[in-house]
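Here is the structure we will look at, set down as structure tokens.
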Amino acid sequence: MYNFKEEYMLGQSETKSIQKVAEAIRLDLTLLPSPFVDSGTLKGKVRDHNGNPIPDAVVLILDESNSTLANTVTGNDGSYLFNTLKPGSGYQAYAKAPGFELSEKLSFIINPNDSIEYDFLLVPDSSQQYSVVVGVIQNNEDFPVNTASVELFRAEDSRTVPVSLTFTNEIGQFVFSNLNIGSYVVKVNANGYFSEHYPVIISSMNKIIPVNIRLREDMKASKGIIAGVITNNEEQPLADADVILYRLNEDGSQSPVDFTRSNKEGVYLFVNVPHGQYCVNSNRYITVK
């Protein structure tokens with residue numbers, strides 16, 4: 001704890017000059033209360049599991065709503081210092097350094113003029129012994145392909161061994177982590193696109209390998225399907241009903257584009273339908289003798 005603290009903020013008056021013999025000037029100054037007069041201190045060191053100091057570690061203080069209040073970096077001796085903490089509760093502190101896991105949370109309360117000393121102990125981050133593959137899947141128009149399945153295989157001799165399976169998010173991203181050195185193959189499958197295989201080589205540890213894969217659209221698979229059931233007013237299926245598919249044009253008109261008949265369950269099906277708006281007309285004719 002400090003023996004002395006400033007009660008007021010250091011102030012400075014306006015500037016005036018003396019230009020005449022025996023001239024007197026007046027310099028008034030109003031001092032503002034120091035906002036740190038009751039502040040507390042948090043200090044200590046960041047060490048590894050052997051007790052060695054860790055320089056350049058980041059120490060972060062959050063409030064009870066997890067908003068950042070202050071941060072600092074340790075010196076060569078692993079020491080850190082926060083000396084302007086306002087009295088209050090709900091404080092949280094963490095320490096992190098490259099190659100180490102995030103520390104355990106320190107929860108503390110600052111009373112007026114408190115001085116708290118705490119040493120953080122950091123554990124080596126075993127995940128940083130591995131590498132990560134980070135990728136983006138796009139189509140030929142540079143739009144992301146979401147919900148694509150992405151498989152990772154490890155190449156061993158003349159065969160491939162499955163390692164992991166994931167799916168792209170809404171912006172086409174995927175991640176594979178905890179990977180060792182070796183040769184891999186990324187396989188991507190998505191509805192409406194041809195499957196793609198992308199080789200990946202991890203030659204050293206603790207690396208981020210970026211992968212950008214562009215999928216080619218399968219024109220047949222990417223086209224839609226229109227299906228339905230033709231029934232009568234008693235909700236009984238009508239077999240052999242004529243079904244005509246119409247495409248809606250931009251001017252609101254309709255153009256017939258395909259024709260089929262319902263089966264014995266009243267079901268009809270149109271395949272390989274291009275993108276657009278459609279409707280169907282249907283009827284069934286009888287032979288009049």
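The values are calculated or read from the model by the stated rules, or taken from the named source; none is laboratory data. Just so it is clear, the structure is predicted and the values come from calculations on it, not from any experiment. In this analysis, Cβ positions are derived from the backbone assuming ideal geometry, glycine residues included, and neighbour counts consider all displayed protein chains.
L102 fulfils the conditions (1) within 30 Å of G182 (Cβ to Cβ); (2) modelled with pLDDT under 90 except for a single criterion, (2).
Filtering the stretch 52-71 to residues that are in contact with an Asp or Glu (Cβ under 9 Å, 6 or more places away or on another chain) and small (G, A, S) leaves nothing. Applying the condition of being of a type in the set (D, E) and either within 30 Å of S149 (Cα to Cα) or not in a loop (DSSP other than H, G, I, E, B) (or both) to the stretch 206-251 and asking which residue is modelled with the highest pLDDT yields D242. Taking the criterion of being buried (at least 19 other Cβ atoms within 10 Å of the Cβ) and assigned to a strand (DSSP E or B), the residues of the stretch 39-55 that qualify are G40, L42, G44, K45, V46. Residues that are over 24 Å from the mean Cα position of the chain (by Cα) and either closer than 26 Å to I202 by Cβ or crowded, with 16+ Cβ neighbours inside 10 Å (or both): does the stretch 132-153 have at least one? Yes: the stretch 132-153 contains one or more residues that are over 24 Å from the mean Cα position of the chain (by Cα) and either closer than 26 Å to I202 by Cβ or crowded, with 16+ Cβ neighbours inside 10 Å (or both). Residues in the stretch 225-240: is at least one among the charged types (D, E, K, R) and in contact (Cβ under 8 Å) with a residue 40 or more places away in the chain? The answer is yes, given that some residue of the stretch 225-240 is among the charged types (D, E, K, R) and in contact (Cβ under 8 Å) with a residue 40 or more places away in the chain. Within the stretch 170-194, being within 11 Å of V150 (Cβ to Cβ) and of a type outside the set (A, V, I, L, M) holds for G172, Q173, F174, F176, K187, N189.
In the set (1) assigned to a strand (DSSP E or B); (2) touching an Asp or Glu at 6+ places or on another chain (Cβ under 7 Å); (3) not aliphatic (A, V, I, L, M), Q138 fails one condition alone, (2).
Residues that are part of a strand (DSSP E or B), farther than 18 Å from Y130 by Cα and out of contact with any Ser or Thr (no Cβ under 6 Å at 6 or more places or on another chain) within the stretch 167-178 comprise just one, Q173.
Whether any residue in the stretch 102-122 is of a type in the set (A, V, I, L, M), free of Cβ contacts under 8 Å to residues at least 12 places away in the same chain and surrounded by fewer than 16 Cβ atoms within 10 Å (Cβ to Cβ) is what I want to check. Within the stretch 102-122, one or more residues are of a type in the set (A, V, I, L, M), free of Cβ contacts under 8 Å to residues at least 12 places away in the same chain and surrounded by fewer than 16 Cβ atoms within 10 Å (Cβ to Cβ). Annotation: of all residues in the stretch 179-193 being in a loop (DSSP other than H, G, I, E, B) and surrounded by 13 or more Cβ atoms within 10 Å (Cβ to Cβ), the one that is modelled with the highest pLDDT is A190. Evaluating F167 against the criteria (1) more than 18 Å from the chain's Cα centre (by Cα); (2) free of Cβ contacts under 8 Å to residues at least 40 places away in the same chain; (3) loosely packed, with under 14 Cβ neighbours inside 10 Å leaves one unmet condition, (1).
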